[in-house]
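S.K.: Here's a structure for you.
The values are calculated or read from the model by the stated rules, or taken from the named source; none is laboratory data. It should be emphasised that the depicted structure is a prediction, and the values quoted were computed from it without experimental measurement. We place every Cβ from the backbone using ideal geometry, glycine too, and count neighbours over all the protein chains shown.
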Amino acid sequence: MDTQTKLGKTQLNINRIGFGGIPIQRLSYEESDRVVQKAVDAGINFFDTSRIYSDSEEKLGRILAGHRKKVVIASKTFSRDGDAVKKDLETSLKQLGTECIELMQCHNIGSPNELDQIMAPGGALEALEQALQEGKIQHIGITGHKPPLLLEALKKYPFSTVQVPLNIIETGALQELIPYARSQNIGTIAMKPVAGGALQNVKLNLRFILANGIDVAIPGMDKEEQINENLSILENLSPLTKKELEILENEKKALDENFCRRCEYCMPCPEGLPISFLHTLSAYYFRYNLKDWAWNRIQSLPKSYQDCTGCNECIGKCPYDLDNPSIFQDTWKRVQEDRGV
């Protein structure tokens, strides 16, 4: 079984199971050193991180700096302004201990306005193109949670890669985005392959993803045993059987009631709450156990869970009828109890 692939037009040769760099934030340096070194030794050579993942870049850099010829590093900038992107990139290069990052991505483009911002003169793409010419990066990618918007982005700019959530619950990217990307030889990266830890059938989800046209899936890993478990699916990449699909569909049904797909049809919120982002922070807090990081982000928001007035407007606009007011009330109560507030 061929466990390697070319990442679209980049021609980077990568293992089809990559390393998602979110969970190592909660590890000590000694623990993260062991996990990252284990991943390299096991044959994982695609490592995904971001400027906004607190110390993730630094922890990856401690090990990957010594393996630059055999690993591919993908990082991201959340900045939309060119000058801010340049600062992000210099910080990322320093933290990762490298002179060049193979893939730098415009992170979490969530609206047409943000897409316009990065494409405007003096925007993120202009700065990344300059970094490309200077040899500080090799390729430019884009990430986001809205397949239609990402499809629009790919048609407007020659991104080398696109990164999007894909799992048995979030399959919107399979309709048009992934087929278009493959037709243009754009590399495809699946983030949140187990829905932020919500899905328990990890191996079946990874097989489902890789059998549907994705170049590389990047499950987050913070334990050495997860590395061999995730890599073991490469022994069998055949499409799922009817019985295996039923297993995933049953798990999907169990989560449907409270699982936010971040389509943002609920927006704008009359009270200004960033509804989908609050769902994401809840997942980071309770599923990823990144409590301090998530708490700091919650506190930095102008409006958070406790500011929901229960107007129920979002429920009527949600395609899945999520009861966000009740979910947010419960989330805020759980967070307060956990932090002893």
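S.K.: If I filter segment 96-114 down to residues being more than 12 Å from Lys146 (Cα to Cα) and among the aliphatic types (A, V, I, L, M), which single residue comes out as surrounded by the most Cβ atoms within 10 Å (Cβ to Cβ)?
M.R.: Result: Met104.
S.K.: Working carefully through the options Arg26, Arg51, find the one that is of a type in the set (Lys, Arg), at pLDDT below 95 and closer than 24 Å to Leu231 by Cα.
M.R.: Result: Arg26 is the single residue among Arg26, Arg51 that is of a type in the set (Lys, Arg), at pLDDT below 95 and closer than 24 Å to Leu231 by Cα.
S.K.: Count, please, the residues in segment 279-322 that happen to be outside any helix (DSSP H, G or I), among the small types (Gly, Ala, Ser) and surrounded by fewer than 19 Cβ atoms within 10 Å (Cβ to Cβ).
M.R.: Total meeting the criteria: 1.
S.K.: Continuing with the same structure: Hey, does segment 48-63 have a residue that's surrounded by fewer than 21 Cβ atoms within 10 Å (Cβ to Cβ), of a type in the set (S, T, N, Q) and assigned by TED's automatic domain parsing to the domain that holds His107?
M.R.: yes
S.K.: Could you list, in sequence order, the residues of segment 12-29 that are hydrophobic (A, V, I, L, M, F, W, C) and either closer than 18 Å to Lys203 by Cα or not assigned by TED's automatic domain parsing to the domain that holds Arg51 (or both)? Steps first, please.
M.R.: Pass one, segment 12-29, residues hydrophobic (A, V, I, L, M, F, W, C): 12, 14, 17, 19, 22, 24, 27.
Result: Ile17, Phe19.
S.K.: Can you give me the number of residues within segment 258-271 that are free of Cβ contacts under 8 Å to residues at least 60 places away in the same chain and either assigned by TED's automatic domain parsing to the domain that holds Pro193 or charged (D, E, K, R) (or both)?
M.R.: Total satisfying the criteria: 1.
S.K.: A further question follows. Return the residue satisfying two criteria in turn: it lies in segment 55-75 and is among the β-branched types (Val, Ile, Thr) and in contact with a strand residue (DSSP E or B) (Cβ under 8 Å, 6 or more places away or on another chain), and of such residues it is farthest from Val164 (Cα to Cα).
M.R.: Of everything passing the filter in segment 55-75, Val71 is farthest from Val164 (Cα to Cα).
S.K.: From the list Ile44, Ile52, Ile24, which one is touching a strand residue (DSSP E or B) at 6+ places or on another chain (Cβ under 9 Å) and in a helix (DSSP H, G or I)?
M.R.: Going through Ile44, Ile52, Ile24 in turn, just one is touching a strand residue (DSSP E or B) at 6+ places or on another chain (Cβ under 9 Å) and in a helix (DSSP H, G or I): Ile24.
S.K.: Checking the conditions here, which among Gln299, Gln329 is over 16 Å from Ser276 (Cβ atoms), of a type outside the set (Asp, Glu), touching a Phe, Trp or Tyr at 6+ places or on another chain (Cβ under 8 Å) and outside the structural domain of Gly21 (by TED's automatic domain parsing)?
M.R.: Gln329
Residue by residue, here is whether (1) in contact (Cβ under 8 Å) with a residue 60 or more places away in the chain; (2) assigned to a loop (DSSP other than H, G, I, E, B) holds:
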position: Glu152; (1), (2): no, no
position: Val164; (1), (2): no, no
position: Ile209; (1), (2): no, no
position: Asp222; (1), (2): yes, yes
position: Asn230; (1), (2): yes, no
position: Leu240; (1), (2): no, yes
